[in-house]
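Just so it is clear, none of the values below were taken in a lab; they were calculated from the coordinates. Note that the structure is predicted; figures quoted are calculated from it, not measured. Every residue, glycine among them, receives a Cβ derived from its backbone with ideal geometry; neighbour counts consider all protein chains shown.
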Amino acid sequence: MPAQLRDNNWLLSRLDDLWSHYFADVSQDNPVLIGFGRYSKYRLGSIKMERRGHRSKITITGMFKNPNIPTAVVDHTIAHELVHYTHGFSSKKVRLHRYPHAGGIVNKELEQRGMGFLTKAYKSWIKKYVSKSIGAN
Ligand SMILES: [Zn+2]
C-alpha cells in the first residue's frame, strides 16, 4: 500500500479526529482552518486569528508532509494548537491564562484529556531528531 499522501485534507482529517475524540466538550465558536505552511525545522505549528474575518488558522510545518514523521508527532502538534484555542488564544473563547505556555499548561491539558501518549511520542521523536540534526552538522 502506498504511503498516505499528506496534504491539507489529511491534516483536516487529523484535526477532526482529535477534536471528536479529545475535545468533544470544546465548541467550535468560529471556523478553524488548518494547512501546511513553509518547511520549518523549529516552528512546528502555530495558531493565529485572521486579521480580517474571524477564522482561526492552524499552520503546520511543511516538514511534516514527510511520511517518515510519525503521525503521533503531527497529532501532538495539532493538539497543542487546539489547546491554545481551548484556552482562548487565537480564538474567541475566554482567555483562561495570561500566557499560552505558562507553567507547562499545554502538556498538562493534553495529559488531562488523555493525550499523554502523544506528548511521549513527540518527546522521543524530538530527542532522536535533535541528535540526528547535530550529527549532520
Ligand atoms: Zn504553543
- Query: Going highest first, how would you order 54-62, 79-87, 37-45, 108-116 by mean Cβ packing within 10 Å?
  - Reply: 79-87, 54-62, 108-116, 37-45
- Task: Give me the compactness ratio for the stretch 8-136, meaning the Cα radius of gyration over 2.2 N^0.38 Å.
- Result: 1.04
- Message: To test your reading of the geometry: what angle, between 0 and 90 degrees and rounded to tens, separates the Cα axis of helix 8-22 from the longest principal axis of the chain?
- Response: 60
- Message: How high is the relative contact order of the chain? Use alpha-carbon pairs under 8 Å, at least six apart in sequence, and give a whole percent.
- Response: 21
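What length, rounded to one decimal in nm, is gained on full extension from ASN8 through to VAL94, with 0.36 nm per residue of separation minus their alpha-carbon distance?
On the way: separation 86, 0.36 × 86 = 30.96 nm, distance 2.83 nm.
That works out to 28.1 nm of additional length.
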- Extension gain, LYS127 back to LYS48 (0.36 nm per residue minus Cα-Cα distance, nm): 25.7 nm
